[in-house]
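Below: one structure, written as structure tokens.
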Amino acid sequence: MSDTAVATAPPATKHKGPRVKPMRLLLYTFLTVMALAWLVPVGTALYNSFRYWEADTQPNGAFSLPETLTLDNYRDAWNVGEMAKTFGNTAFIVIPALFFTLLLAAMVAYACTRYSWKFNIAFLVLFTAGNLMPQQVLFQPLFQFFKRMPWPDILSDTDTGSLLGTKIAVILIHVAFQVGFCTFVLSNYMKTIPKEIDEAAAVDGAGVWRRFFKIILPLTRPALAALGTLEFTWLYNDFFWGAVLLNRGDERPITSSIAVLNGQWASDFNLIAAASILIALPTLVVYLILQKQFISGLTLGASKG
């Protein structure tokens with residue numbers, strides 16, 4: 001038997017990984033730079049919020065301010081800014097405003113998308129067009145309107161006699177200005193829900209209110225969660241209406257704490273940074289809690305219809 005020829009294996013080819021396209025690499029680089037650009041101010045504020053300068057006199061008579069990292073800035077910001085009270089004022093304004101905004105917007109969107117009547121499109125356009133008017137333009141007429149509107153403020157120590165100076169006025173302003181945008185978003189989302197669902201429920205004897213609360217609202221939960229996250233951030237961060245409509249400092253929302261600290265502690269920017277971090281925490285917590293629903297609401301609205 002002759003020697004067996006040794007079969008030679010074909011030369012190994014180099015494994016080629018997925019090729020990165022230049023445009024994708026450019027996109028990743030751009031997104032990384034933008035993310036860092038957004039995070040640098042936040043990181044700087046976070047670091048400065050822990051910095052604390054203590055006056056120190058050296059043996060040779062020189063005066064210096066040694067730097068230490070401590071939580072004293074947060075404690076001082078909480079006490080000086082009276083944040084416990086202003087957080088309560090903000091909750092009193094934001095929670096009812098958010099609830100009524102989403103509820104009224106869902107009702108209007110349901111009526112405009114589920115029923116065909118003569119002015120449904122014009123009615124929807126009217127609600128949406130309200131967002132095109134700058135709020136500062138309407139400040140003076142609304143200020144005079146609230147000033148002449150009688151209102152017994154039973155929730156405050158002093159009765160101003162008018163709606164001006166009450167947190168109810170701020171709630172009404174927020175609902176009026178935000179319901180248009182929410183109606184526009186919810187109406188577009190409700191159009192993706194098949195009308196046969198309503199028709200089947202109506203055949204089974206379900207009334208309008210039952211169909212709305214039992215069928216439509218549960219189906220629009222992703223959109224409501226996305227809107228709730230956005231609206232909470234916008235309402236919570238509002239400073240303009242709380243400053244111009246609430247004439248008493250102890251009635252103003254949490255965003256006014258920065259102004260108080262800036263007036264009394266104009267040179268202590270570390271204290272202001274600590275207050276800014278405390279004020280930003282609720283919006284971050286709400287986003288983390290509703291992150292899944294927020295993302296699903298955006299993606300579902302884009303993939304349907």
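The values are calculated or read from the model by the stated rules, or taken from the named source; none is laboratory data. This structure is a prediction, so every number in the text was calculated from the model and none was measured. Heads up, the Cβs are rebuilt from the backbone with ideal geometry, glycines too, and the neighbour counts pull from every protein chain shown. In case anyone asks, the SASA skips ligands and DNA or RNA and just uses the protein heavy atoms, side chains included. Shrake-Rupley method; radii C 1.70, N 1.55, O 1.52, S 1.80 Å.
Data table
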item	result
Dipole axis of region 82-299 (+1 Lys, Arg; -1 Asp, Glu on Cβ), positive-most option in A169, T183, A206	A206
Placed amide H near S162: partners under 5 Å, 5+ positions off or other chain	W151
Length gained when the stretch F213-R24 is fully extended (0.36 nm per residue, less Cα-Cα span)	63.5 nm
Inter-label distance for K147 and A37, nm, one decimal - labels placed 7 Å from Cα along Cα-to-Cβ	4.4 nm
Protein accessible area in region 174-233, 1.4 Å probe - carbon and sulfur %	64 percent
Potential extension, Y287-R248 segment - 0.36 nm per residue separation minus Cα distance	11.0 nm
Estimated FRET transfer efficiency when R0 is 25 angstrom, pair Y115-R221 (beta carbons, to 0.05)	0.70
